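Before any comments, here is the structure.
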Amino acid sequence: MAEKEFDYSVADSQGTSIKPIDTADFDIAEYQDYESQLLEQNRKFWLAESGIAIYRRFRVPEVFSYGCKDMKFSLGLQLAALQESMKFKADVANFLEPWYGLGAVASCFGINYQWPDGQAPAIKKAFENVNEALDCKLVPAEQTAIGKHVLEMIEYFLDKTQGKIPMSFTDTQSSMNASSFIVDINNFFLSLFDDPEALKKLLDTMTDSLIDFTKIQADLIGDALVYPGHGFTSSRVFTGLGMSDDVMIMLSPDQYSEFCAPSMARSGEPFGGAVFHSCGNWSSKINGVKSISNLVMVDGAFSKETDPDPNPAEPFAESFSGTNVVVNARIVGDRDVVVDTVKKLYKPPMKLIVVTYCQTPEEQADVYEKIHAIA
C-alpha cells in the first residue's frame, strides 16, 4: 500500500483530538505510578550503546495554537491527553509543556507577542540589521511580559498537579532561530557574508539569555523536570536541552558548523548536552549537525504524513550508527509505514526512539511488538 501524502487540510498532522478535563478529575497518583514504572527502562535505554524505545506522543493541537494563552484550558487539555496516553503501549511517558510560542527569549529585545484570533502567537521583526539588534538594551526574559507568563504557567501547573507530574521547559529555540525572528530575514542571511563577526556576537548574546532563562525554569520545575523538553521524547532520566533550529535548512553544512554549532553546544552545556530539531529534510546537513561538540539527540520527521518534505531513513542510519547520539524519529502513518521505516532507519549499534501516532491502543500494541522484534 502506498504511503499517504501530507494532508494540508489538517491543522496539526501530529495532533490528537482531546477534550479538556477538570484538574480534579485527573488521578495524579495513577499517572505518577504509570510514569515511575517506565523510568528504569528509560534509564537503561539512555545509558545503553544501542536499542529502540517507543513513544506514543499525545500532541494536542490547541495547546500549540490559540489555547496556549489560557493556562487553565491548556492544562485541562494536557491532563486529558496524559490520561488517554496510558492506554497506549509505550516505553516513555508523556509530560506537561508550558508552551508559549517561539519568542520567549527573543522578547529580551523588547518585542511583544502578537495574538491573531484562533492562531498561535507570533512576533514581528524589530530590527533592520544585526547591528541594530546589538545596540538594543536587553531585558532579562523573566522580566518581560511573556517570560513572566511562562513562569506563572509553570507555577500554575505545579500547583494544580502537586509538582508530581513530569513537565518540560517551554518551547526552546536555538540562538540562530531566535535571532532570525528579530532581524529582517534578508539582512539576517546577508550578515553571514557581510558582517559575520556581528552575527556571531548576536548569537552569543542570545545564547546568554537562553541559558539564563532556561536555568530559571529548571530551578522552578525542580524534580518534575524532564529532558530534553518540548517536542522531543523526554524523561526525568534523560539529559540535554532540546532546541528548534529550523533556520539551518537555509545554511550550508560549513556555515552551520561555523555559526550555529558553537552556540548550540554552549546552550546545551549546563543541561547535559545539546539536542537538535529541524522540520523538513535536513539529511544533507547531517555533518554540520554532528559538529555540535556535545550532541546527545537529534529529531526529524520520517514519513510523508509527518512533514511534506520528510527525511530519508538511510542517511541517518549510516550517520548515527555507532555515535551514541539518539535519533528521535517522528513517524505519522499506519503500522506498515512505521515498521517499514524503522527497518530502514535502525542500524545497530544505534539508539533510536520511534515516535508513533497510532489511532487506537490495539494498533499501538501491535506496532510496539513489531518494532521491538526488530531490535
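The values are calculated or read from the model by the stated rules, or taken from the named source; none is laboratory data. All values reported here derive from a predicted model rather than from experimental measurement. Neighbour counts are summed over all protein chains in view; Cβ atoms, including those assigned to glycine, are modelled from backbone coordinates with ideal geometry.
A few notes on this one:
- Qualifying position, being of a type in the set (D, E, K, R), more than 16 Å from Glu97 (Cβ to Cβ) and either touching a strand residue (DSSP E or B) at 6+ places or on another chain (Cβ under 7 Å) or free of Cβ contacts under 8 Å to residues at least 24 places away in the same chain (or both), among Asp159, Asp204, Asp212, Asp223: Asp159
- Residues satisfying the stated conditions in the range 266-285, i.e. part of a helix (DSSP H, G or I), more than 20 Å from Ser234 (Cβ to Cβ) and not charged (D, E, K, R): Ser283, Ser284
- Count of the range 8-53 residues which are surrounded by 12 or more Cβ atoms within 10 Å (Cβ to Cβ), over 16 Å from Gln162 (Cα atoms) and among the acidic types (Asp, Glu): 1
- Only one of Leu202, Leu192, Leu220 that is at pLDDT 95 or above, buried (at least 23 other Cβ atoms within 10 Å of the Cβ) and outside any strand (DSSP E or B): Leu202
- Criterion: closer than 30 Å to Ala261 by Cβ and among the aliphatic types (A, V, I, L, M) - qualifying residue of Val342, Val367, Val338: Val342
- Among the numbered conditions (1) among the β-branched types (Val, Ile, Thr); (2) outside any loop (DSSP other than H, G, I, E, B); (3) at pLDDT 95 or above, the only one that Thr323 does not meet is (2).
- Top-ranked residue in the range 5-61 [being of a type in the set (A, V, I, L, M, F, W, C), at pLDDT 95 or above and not in a helix (DSSP H, G or I); ranked as farthest from Leu79 (Cα to Cα)]: Ala48
- Looking across the range 100-111 at every residue that is part of a loop (DSSP other than H, G, I, E, B) and modelled with pLDDT of 85 or more, the one that is nearest to Leu77 (Cα to Cα) is identified as Ala104.
- Members of the range 326-375 that are of a type in the set (Phe, Trp, Tyr), closer than 20 Å to Gly15 by Cα and assigned to a loop (DSSP other than H, G, I, E, B): Tyr357
- Residue among Gly288, Gly231 that alone is closer than 26 Å to Leu199 by Cβ, small (Gly, Ala, Ser) and not in a helix (DSSP H, G or I): Gly231
- Ala329 being out of contact with any Leu (no Cβ under 8 Å at 6 or more places or on another chain) and at pLDDT 95 or above: no
- For the range 223-276, a residue qualifies if it is surrounded by 22 or more Cβ atoms within 10 Å (Cβ to Cβ), modelled with pLDDT of 95 or more and farther than 18 Å from Thr207 by Cα, and the qualifying residues are Val226, Tyr227, Phe232, Thr233, Ser234, Ser235, Phe238.
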